[in-house]
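The values are calculated or read from the model by the stated rules, or taken from the named source; none is laboratory data. The structure presented is a predicted model; accordingly, all values stated were derived computationally and were not measured. Here the Cβ positions follow ideal geometry from the backbone for every residue, glycine too, while neighbour counts run over all protein chains shown. The accessibility values were calculated without ligands, DNA or RNA, using every heavy atom of the protein model including side chains. Shrake-Rupley method; radii C 1.70, N 1.55, O 1.52, S 1.80 Å.
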Amino acid sequence: MSALESETGFARGHFTYHFSSKEEIIALAFAAVGSDWATFQIQQTQGHTARERLETQIRAAATWGRDRPEYFRCLMNFRVEMMRDPSAFPRAPEIRAQFLEAAAATIRQAMEEGDFRPDLDPPWEARIVFAVVDGFLMHAAMDAAFCPPNELPDRVWKVVSERLLRESAPS
């Protein structure tokens with residue numbers, strides 16, 4: 001609450017008058033950040049093939065995190081807290097499962113189209129994709145020298161694509 005007071009300039013009484021608990025504030029903040037992320041992802045998803053759609057989603061996730069570092073840090077803090085205490089936001093596991101299943105379905109479709117050749121089954125590959133994106137964004141947020149901001153989406157996609165894309169046939 002002290003950090004919230006400091007960041008917003010509002011007195012603690014303002015928050016206690018309008019909200020019943022700090023958990024309510026946290027849930028609303030998570031909903032706002034999560035909604036912003038999801039809306040950006042949906043708006044950026046393009047492509048005729050599953051591979052193209054996954055690439056635009058990966059690049060969009062990296063761009064969102066790069067352009068909204070405070071939201072990214074907030075989202076990561078929420079995710080850590082929810083893993084530590086699932087009751088903090090009861091719908092979080094369901095929402096996360098939906099995102100992972102959507103990514104797995106895209107990977108599955110790209111496999112059917114002949115573009116992807118993952119080592120693991122699509123649900124595990126989806127988890128790895130999320131870990132790669134999160135890892136790059138976390139390191140970029142903590143260390144400006146890790147990756148120039150304008151190169152972040154390209155570098156993230158390069159790592160993901162090297163893992164998933166079918167190798168070209170030998171000449």
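A compact table of results
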item: Order by protection proxy (mean Cβ within 10 Å, highest first), peptides 130-139, 39-48; result: 130-139, 39-48
item: E5 paired with M76, simple spin-label distance in nm, labels 7 Å along Cα-to-beta-carbon; result: 2.8
item: 0 to 90° range, to nearest 10: angle between helix 92-112 axis and the chain longest Cα axis; result: 10
item: Charged-residue dipole, Cβ positions (Lys, Arg, Asp, Glu), the chain about Cα centre, Debye nearest 20; result: 80
item: Carbon plus sulfur fraction of accessible area for the chain, probe 1.4 Å, in percent; result: 57
item: Length-normalised contact order of the chain in % [C-alpha pairs under 8 Å, at least 6 apart]; result: 23
item: Residue-normalised accessible area of the stretch 92-162, expressed per residue, 1.4 Å probe, Å²; result: 54
item: Degrees, to the nearest 10: 152-164 long Cα axis against longest axis of the chain; result: 50
item: 0 to 90° range, to nearest 10: angle between helix 50-67 axis and the chain longest Cα axis; result: 30
item: Reciprocal mean inverse distance between Cα atoms of the stretch 93-168 - Kirkwood radius, Å; result: 13.3
